[in-house]
Amino acid sequence: MWTTAPDLAPVRESYTTGRSIQWTKVYELPEYVYFNHSIHIHKGIGCTTCHGRVDRMPLTWQDPPLTMAWCLDCHKNPEQYVRPRSEVFSMSYSPPTNQLKLGTQLVQEYQIERRTSCTVCHR
Ligand code: HEC
Ligand code: HEC
Ligand code: HEC
């Protein structure tokens, strides 16, 4: 939970320029957990799925819990979350009512694997 609102300018700047972000850490995984953004974005996981509506922050900032269970829920069931790649950066995208059908198609199309083995995240 925040006591002060995070400054979001760097996130917006990164959207428009595509340059990586200099940012005061607000999300932080333990050292022993490996994470990288690019595979998630490449496989159709939207920013808002993990970060909430950053365009409406700070009022509605949602922080992901960053727990192992949260990571694994999606790694086991990616069809519940995947969206078309063209929508990855969209802030207003909401899943369609037939998400499971669309998600199942996209899991095939993007060749998403269910990556649940320990060494995926702990190397
Ligand atoms: C699969 C979930 C996921 C997706 C999708 C995702 N992020 Fe992240 N993001 C994270 C996690 C987890 C961290 C913390 C990483 C760490 O501690 O090493 C993070 C960290 C960040 C940070 C740094 C925040 C800080 O305080 O250090 C920024 C900025 C960010 N993400 C922006 C984005 C943007 C922009 C997108 C969409 C293009 C995006 N993220 C998509 C999970 C995600
Ligand atoms: C909403 C869905 C979602 C969430 C949440 C999520 N992931 Fe993923 N993650 C994926 C998908 C999809 C892939 C791609 C799987 C594949 O096809 O290889 C992936 C791949 C990965 C990979 C493999 C990267 C590589 O280069 O081999 C790592 C590591 C990873 N995720 C770590 C994490 C961690 C750590 C978290 C929690 C902090 C997390 N993920 C949360 C969907 C998610
Ligand atoms: C998709 C990513 C992912 C996978 C796969 C994964 N972990 Fe984790 N693990 C995390 C994250 C993120 C944390 C740190 C947050 C937390 O403690 O919930 C963590 C934390 C841990 C911790 C420390 C927990 C604590 O209470 O201090 C242990 C031990 C652990 N994992 C073991 C495992 C084992 C064993 C497996 C395989 C069965 C596994 N993990 C698979 C992401 C993952």
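A few remarks follow.
- Top-ranked residue of the stretch 45-65 - restricted to ones that are within 13 Å of ligand 3 (Cβ to nearest atom) and open to solvent by less than 50 Å² (accessible area, probe 1.4 Å), ranked as modelled with the lowest pLDDT: 64
- Matching option when the condition is at pLDDT below 65, more than 29 Å from residue 123 (Cα to Cα) and open to solvent by 50 Å² or more (accessible area, probe 1.4 Å), among 3, 16: 3
- Checking the stretch 82-97 against the condition returns a match, with at least one residue being assigned to a loop (DSSP other than H, G, I, E, B) and basic (Lys, Arg).
- Residues (more than 8 Å from ligand 1 (Cβ to nearest atom), under 10 Å from the mean Cα position of the chain (by Cα) and under 22 Å from residue 108 (Cβ atoms)) located in the stretch 40-53: 44
- With respect to the conditions (1) modelled with pLDDT under 95; (2) touching a helix residue (DSSP H, G or I) at 6+ places or on another chain (Cβ under 7 Å); (3) within 9 Å of ligand 1 (Cβ to nearest atom), residue 22 falls short on a single one, namely (3).
The values are calculated or read from the model by the stated rules, or taken from the named source; none is laboratory data. In this text the structure is predicted, and so the values were computed from the model without any measurement. Glycine gets a Cβ as well: all are built from the backbone with ideal geometry, and neighbour counts include every protein chain shown. SASA here: full protein model, heavy atoms, side chains in, ligands and nucleic acids out. Shrake-Rupley method; radii C 1.70, N 1.55, O 1.52, S 1.80 Å.
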